[in-house]
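Taken together, the values in this text are just the output of simple stated rules run on the coordinates, not laboratory data. All of these numbers come straight from a predicted model, not from anything done at the bench. When we count neighbours, we look across all protein chains shown, and the Cβ atoms used for this are built from the backbone with ideal geometry, even at glycine.
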């Protein structure tokens, strides 16, 4: 995964911009292991509603969650643009999140990223840590540890 990491010596970070509903969110590319088209998800009984089940990814069983349901939005509608982003998180291991669309990869400097105040963070369910300013507008940057926590 070293080829995905951006050198921190110049202060730039790369984010994958995703769409969930009408909003654009950014995921730090250093956590992204794979981006997959929708595959058959095997349901697991008696789990939280936002946990859709598990998939078999090259012999590894990976839990998959709906980012829409986790954020309190309506259930997913699968389209040709729907993707599962496989994340490798230190505290939570490997997890997949279902997103409506993967748009692009953007590079943001430290000056283009502003921290979100505690009050604004509560409005977004503490999922958003900061906001990035890029050519296409504002991108809410996700705190993946909060997203992955039950």
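A few remarks follow.
- Shown here are the Rg and Dmax of the Cα trace of the chain, at 15.1, 47 Å.
- Residues in the range 79-120 that a label on residue 38 would reach, taking backbone N under 13 Å of a point 7 Å out along Cα→Cβ: 79-84, 98-101
- Within a Gaussian network of the chain (alpha carbon springs, distance under 10 Å), most fluctuating of 36, 130, 117: 117
- The distance between label points at residue 77 and residue 46 comes to 3.5 nm (points 7 Å beyond Cα on the Cα→Cβ vector).
- Net length gained if the chain between residue 131 and residue 89 were fully extended (0.36 nm per residue, minus Cα distance): 13.0 nm
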